[in-house]
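Novice: Structure incoming, see below.
The values are calculated or read from the model by the stated rules, or taken from the named source; none is laboratory data. None of the values given here were measured: they were computed from a predicted structure. All Cβ positions, glycine included, derive from the backbone under ideal geometry; neighbour counts span all protein chains shown.
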Amino acid sequence: MNVLVMRRDLTTDELAALRRLYPGKEIYAIRIDPETSEQHLQLCRDKKADLVFLPQEQPLPVPAMQAGFKHLHLMDGKLLELIRVVPEFKEHRPFG
């Protein structure tokens, strides 16, 4: 199983949790350091990622947004403001 880890190494606790959830599976932790979201996508494809661990720092611009800086994205000719910075998580269930 290929597990990509963004901008860091897999922690001992993360590895232990994976081994509990996927007993007997070989786990290959691969560090990636993408500079863009497109590069991240390509690395996921190239490395045939089964799972990806986020960086331990906040992946969204949370501190800057909390300080009042607006973050925009152009889509279909319209400027859209990023308003939600708290990701929503659900418990991961093992596959296949």
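Novice: Taking only segment 47-72 into account, find how many residues are under 20 Å from the mean Cα position of the chain (by Cα) and not in a loop (DSSP other than H, G, I, E, B).
Specialist: Count: 7.
Novice: Among ASP50, ASP13, which is among the charged types (D, E, K, R), at pLDDT 90 or above and surrounded by 10 or more Cβ atoms within 10 Å (Cβ to Cβ)?
Specialist: ASP50 is the lone residue from the list that is among the charged types (D, E, K, R), at pLDDT 90 or above and surrounded by 10 or more Cβ atoms within 10 Å (Cβ to Cβ).
Novice: ASP9 versus (1) over 22 Å from ARG93 (Cα atoms); (2) among the charged types (D, E, K, R); (3) in contact (Cβ under 8 Å) with a residue 40 or more places away in the chain: which is the lone unmet condition?
Specialist: (3)
Novice: Can you spot a residue in segment 33-41 that is in contact with a helix residue (DSSP H, G or I) (Cβ under 6 Å, 6 or more places away or on another chain), surrounded by 12 or more Cβ atoms within 10 Å (Cβ to Cβ) and outside any loop (DSSP other than H, G, I, E, B)?
Specialist: no
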